[in-house]
Each structure stands twice: as structure tokens, then as C-alpha cells.
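**Q** Before anything else, here's the structure in question.
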Amino acid sequence: MNIDKAIEDCKIYLKQIKQYDPDPFYVNYFFSKFIDSVNTILDSIFEEANRDFGLFITEKISQEEFLKKAKAKNDTKAIKFSKWYTDKFDQEHNSRLPKVIKKICELKSKQNVLPEIKIMIRAQDRYENDINQQIIVGLSNEKLRSKDELQIEINRQLPVFLEIINHKRKENNEPVVNENQITTSAFVDVEDIFETEIAYASEIYIPVLIRLVEESRKKIKELTSWD
């Protein structure tokens, strides 16, 4: 698998998510492809490591299989790389949004499903303590029936939303928002992490992926160049 091409695929899927946001059908479709590409990239890091450390694993590569083979061959350098990667991976997933993508990747890998998407109103310019508000819109075959129906529901809920969000913003000495500074996005809840915007989380995750790949390659080169 060409890791660099897969990273470019992730960027393409992110653009498509943003293009169709908040339509649940299309966001789900392209987000599923995004998550599959992420899982492929993470496994492919160990495909490259398998080749460079010469472990000769022929079955499907994963970190678990890599470490198992490294221990069987008593390859201390490969074992050291696996330990380094675990620490690096955990470090990169300490913050909220990367942690969400990690949990969704695990869910997709184990159960081949994604969390249910919900459409929410949010402020275009985010502040940490902002609220989001779910809106229920009629769907046809899981797709939005029309932008007009969506806008009608937005207009119906907007007064309450603006009252609540601006009350919180005033308490925090933050700028208030008006009806022209509101948009809708597709969100998901994952386990105990609620209301995560799909497009924003995916955008934040791409640099995480790039760092994991680049720093893994550097570590592999460092360990294998000792010979």
C-alpha cells in the first residue's frame, strides 16, 4: 500500500465531506472512506517496518502481528520500534478530537459500522464552551430532501439557540453571534465523547497521520541504520 497516496486520499475525502456537509448520507459515505484510509495507513506503517526490519511476515500486517513475529525472532530493534510506536501513538491521541477518530477507527475495524450522524446548528467561529443544538430534518433514503426544509427547521430553532449560546458567550466575555454567523454540520457521539463535528475532527486528524508516518519512517531508519 502506498501510504503517501492514502494520505492524499484522506485529504480528498475530507474535501468531499465538507462539500456535502451536513447531508447524513453523503457525509457518512465519504467519512467511511476516510476512516478506512486511516486504518489502512496505520497498518501500512507496519508493512514498511516489516520490510525494513526483514521480518518476512506474509499474512495481513498489524502491529500485533509485527510484535509477535519480532519477539519470535528476538529482533530487539523491531521490538523497540513497536514500543516506540505505541508511546508515540498514545501521545498523539491524548487530545479530544484525535481520540474520537481513534475510537471510530476501532469501531469500523471491529464492527464495520460508524456512529449515527446527527445534524446540529453551531456557530461558524467556534469557542471552547459553545453549545451546539441538534435539529431533526426529514430525510428521503437517508438524504436531505431539500435545502429549503433544512432552512425552515434552522429558522424555527434559531431564536432559542442564539439566546442560549449568547448567554454563555457573555458570561465568558466572548463576542456574541447573530443569525448570519450560524451554520449546520454533521456530528457524531462516540462512547462518552459527545457532539464531535465530523469535518473538523477529520481535518485536525490529517496532521496527526502525517506526523505518525513521517516520524515512524525516521525511527525505522534510525534503528535499521545501526547495522
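**Q** Quick one: which helices (runs of 4 or more DSSP H) sit completely within the range 75-185 and have at least 2 residues that are touching a helix residue (DSSP H, G or I) at 6+ places or on another chain (Cβ under 6 Å) and in the same structural domain as V213 (by TED's automatic domain parsing)?
**A** Per the criteria, 76-92, 96-111.
**Q** Identify, by number, the condition in (1) surrounded by 18 or more Cβ atoms within 10 Å (Cβ to Cβ); (2) without any contact (Cβ under 8 Å) to a residue 40 or more places away in the chain that Q63 doesn't meet.
**A** (1)
**Q** Here are some conditions: (1) closer than 23 Å to H93 by Cβ; (2) exposed (fewer than 12 other Cβ atoms within 10 Å of the Cβ); (3) hydroxyl-bearing (S, T, Y). S109 meets all but one. Which one does it not meet?
**A** Just one mismatch for S109, condition (2).
**Q** Of a type in the set (D, E, K, R) and assigned by TED's automatic domain parsing to the domain that holds K103: is that true of K218 in this structure?
**A** yes
**Q** Could I ask something else about it? What pairs come up if the first residue lies in the range 37-49 and is under 10 Å from S216 (Cβ atoms), the second is of a type in the set (G, A, S), and their beta carbons are under 6 Å apart, counting only those six or more places apart or on different chains?
**A** From residues that are under 10 Å from S216 (Cβ atoms), the pairs are I45/S216.
**Q** Would it be correct to say that Y205 is under 17 Å from F89 (Cβ atoms), among the aromatic types (F, W, Y) and in a helix (DSSP H, G or I)?
**A** Yes; evaluated as a whole, the condition is true for this residue.
The values are calculated or read from the model by the stated rules, or taken from the named source; none is laboratory data. Not measured: the values here are computed from a predicted model. FYI the Cβ positions are ideal-geometry reconstructions off the backbone, even for glycines, and counts take in every protein chain you see.
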